[in-house]
Structure formats: C-alpha cells, structure tokens
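Reading through the structure tokens given below for one structure.
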Amino acid sequence: MLKIANHSIYKHSLPEGHRFPMEKYDLLPKQLLHEGTCVEDNFFEPEMPPEDLILAVHDKEYFDDLKNDTLDKRAARKIGFPLSKQLIRRELIIADGTVKACDYAIAYGIAMNIAGGTHHAYSNRGEAFCLLNDQAIAARYLQKKEEIEKILIVDLDVHQGNGTAEIFENDASVFTFSMHGKNNYPFRKEKSDLDIELPDGTEDEEYLDILKNTLPDLVQQVQPDFVFYLSGVDILATDKLGKLGCSVEGCKERDRYVLQTLKDLNLPVEVSMGGGYSPDIKIILEAHANTYRLAQNIFF
C-alpha cells in the first residue's frame, strides 16, 4: 500500500497576503481522497522525532536557537516565516514524516510526504521557507538504522538544493543531484555532486530530454541502495517564483519517468513535495496530485 505522511499541523497559519501557499497542505489530501486515488488507510500521522535524529544533520547551536526562539533577527528573516513554537513543531513533525516514510518505502517500494522537500535548510541555518532539512535527516536515519550504504537524492525543484548540497558536501555516501533554473534563487549556488542548470523558459521537450539522458546513467554510476526524490512543481511556466516553461503534462511526464525508472530498477524511493507557487491553487494541486496518482499506478 502507498503510505503518505500527513498531519493537520502541516497547514500553518501565516499573515494575510503571505506568498507561501500553505493551504495546499490541507487541500491536497482532501483532493486525493475525493477522487479515490487514496483512502484513509494510505495516510499516517507523523510525530515529534527524537532530537538525536535532528542533531545528526543540524548544528546543536542552530537547533537550540530554533527551539528557544533565540535566533538572531537577520537569520530569522532569511527563513521567510514568522518564527513560533508551533512552526518549529511543524518542521519537526514534517521531518519525522519523511523519516517514517523511508521505512514504508523499504517495505513497499515507495512512500511519500504531503510536505517536506526543505532543501534550503543548511546544517547551521535556515533559508527560503526551510528550517530543517527533512530528506537529509532521513538519509542519516537510514544509514544508521537500516544500514543503507549509498543514497541518491534527486532534486527536481526549480531551485537548487543548496542546503542539501552543503550538508553532504564532503560525504561520498550521499550523492546529491539538482536540476534547476540557472537564474533562480539561490543566486549564490552551492556545489552538488551533479548540478544541471537550465536556462529561463526551458520547456517540456528540452527538460525531459535532459532528464532522460541523465538519470539512467547517474543511477548506474552511483549504484544507490535508496533514492530520495524531491518533486517540486515550481518548474511550471505559471509559477511566480520559477523561470522555467514546463506544462502540467510535462511535469507529470517528469514524475512518471523518474518513478517508473526507479520501480524498474527495484530501488526504494521516498518522495517529498517541494515547492509550487502558481497563482492559481488549482494548478498547484493538480500538478502535485499527479505525483500521487502515478505512484499508485506504477507501484501498486
């Protein structure tokens, strides 16, 4: 069965007019249930994780500042959310969702998180709506608990996974692959193990050709035991924070190709949602929902 991490805390109250579409975390599971892609048993509720999981990735001083609300104002501003105890609790529960999804992925081939993909969180700071790096935390968990030796992170969000790149910069056991807009945030990029920078306006055909000419050889090169997939839908032409030109159908084909490739190779995969900032929430929901529909069709 497809298992999906979800929690009511994912939808967090923000000031009116905030540009982050927090309502998608409430609407997406409702849509999946309404259309019959999922039933209630597909969803599981993550909890507060033990701190040692977080501290395997994040500096203790930074984590303590988050917990104690002592982060300096400049660092807090870079995160982009008003900080609160409830927000920190939300981030911890999201991370636990990704961690627990890994166990389900090993059991069933794939598992997902309605939230997550917080790839701008560095070991010692947060940026751009990301406080704690859920997939990095889960990667360390897997290596310790499941004795997974080699991990591949496939980050197809429109923005480079700069925090993830920094965390695993000197770690050969985790290969970081980020395919993103060249001229998008972050404007100072980190160095992933493989970065592919796309020019503004890149459309479906070119995007998919590059992906299909990259992923199989990369998997053959890395020989991973486990894959994390960050399936951001901010590659869409309609996205207000992205500069690429992909369609909803192109984004769906991207997900189909990635998931089918991993299924054919019998590689377990955890999927976190990542970004999506189209002005019309219906477009965001449709693009995200396609990822779940494909997961059901391909794996089950």
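The values are calculated or read from the model by the stated rules, or taken from the named source; none is laboratory data. Here the structure is a predicted model, which means the values were calculated and not measured. All Cβ positions, glycine included, derive from the backbone under ideal geometry; neighbour counts span all protein chains shown. Areas reflect the complete protein model, heavy atoms only, side chains present, ligands, DNA and RNA absent. Shrake-Rupley method; radii C 1.70, N 1.55, O 1.52, S 1.80 Å.
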Please work out if THR291 is touching a residue at least 60 places away in the same chain (Cβ under 8 Å), closer than 19 Å to ILE110 by Cα and among the polar types (S, T, N, Q). yes
Of everything in the range 259-271, what is surrounded by 19 or more Cβ atoms within 10 Å (Cβ to Cβ) and under 14 Å from ARG293 (Cβ atoms)? Give them in sequence order. LEU259, VAL271
Do you know which residues across the range 1-26 are more than 18 Å from the chain's Cα centre (by Cα) and within 25 Å of GLN296 (Cα to Cα)? MET1, SER8
Inspect the range 258-269 for any residue being under 25 Å from ALA95 (Cβ atoms), among the basic types (Lys, Arg) and at pLDDT 95 or above and give the result as yes or no. no
Among the residues in the range 91-107, are any open to solvent by 10 Å² or more (accessible area, probe 1.4 Å) and in contact with a helix residue (DSSP H, G or I) (Cβ under 6 Å, 6 or more places away or on another chain)? no
Could you list, in sequence order, the residues of the range 6-60 that are open to solvent by less than 20 Å² (accessible area, probe 1.4 Å), over 18 Å from LEU285 (Cβ atoms) and not in a helix (DSSP H, G or I)? PRO46, PRO49, VAL57, HIS58
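Please determine, by comparing only the residues of the range 132-170 that are in a loop (DSSP other than H, G, I, E, B) and at pLDDT below 95, which one is surrounded by the most Cβ atoms within 10 Å (Cβ to Cβ). Outline the logic, then answer.
The first filter runs over the range 132-170 and keeps only residues in a loop (DSSP other than H, G, I, E, B), leaving 132-133, 147-150, 156-161, 168-170.
Subsequent filtering for residues that are at pLDDT below 95 retains 147-149, 170.
Values: GLU147: 8, ILE148: 19, GLU149: 12, ASN170: 6.
Out of the qualifying residues, it is ILE148.
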When residues of the range 272-300 are limited to those that are closer than 16 Å to VAL227 by Cα and at pLDDT below 95, the one surrounded by the fewest Cβ atoms within 10 Å (Cβ to Cβ): MET273
State which residue is nearest to PRO186 (Cα to Cα) when the search covers only the range 64-86 and only residues that are assigned to a helix (DSSP H, G or I) and open to solvent by 50 Å² or more (accessible area, probe 1.4 Å). LYS78
Given (1) within 23 Å of ASP239 (Cα to Cα); (2) touching a His at 6+ places or on another chain (Cβ under 8 Å); (3) of a type in the set (Lys, Arg), ARG90 misses just (1)
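Give me the residue from the range 171-186 that is outside any loop (DSSP other than H, G, I, E, B) and among the small types (Gly, Ala, Ser) and, out of that set, farthest from LYS100 (Cα to Cα).
Of the residues in the range 171-186, the ones outside any loop (DSSP other than H, G, I, E, B) are 174-181.
Filter once more, keeping what is among the small types (Gly, Ala, Ser): 178, 181.
Details: SER178: 24, GLY181: 31 Å.
Among residues in the range 171-186 that are outside any loop (DSSP other than H, G, I, E, B) and among the small types (Gly, Ala, Ser), the one farthest from LYS100 (Cα to Cα) is GLY181.
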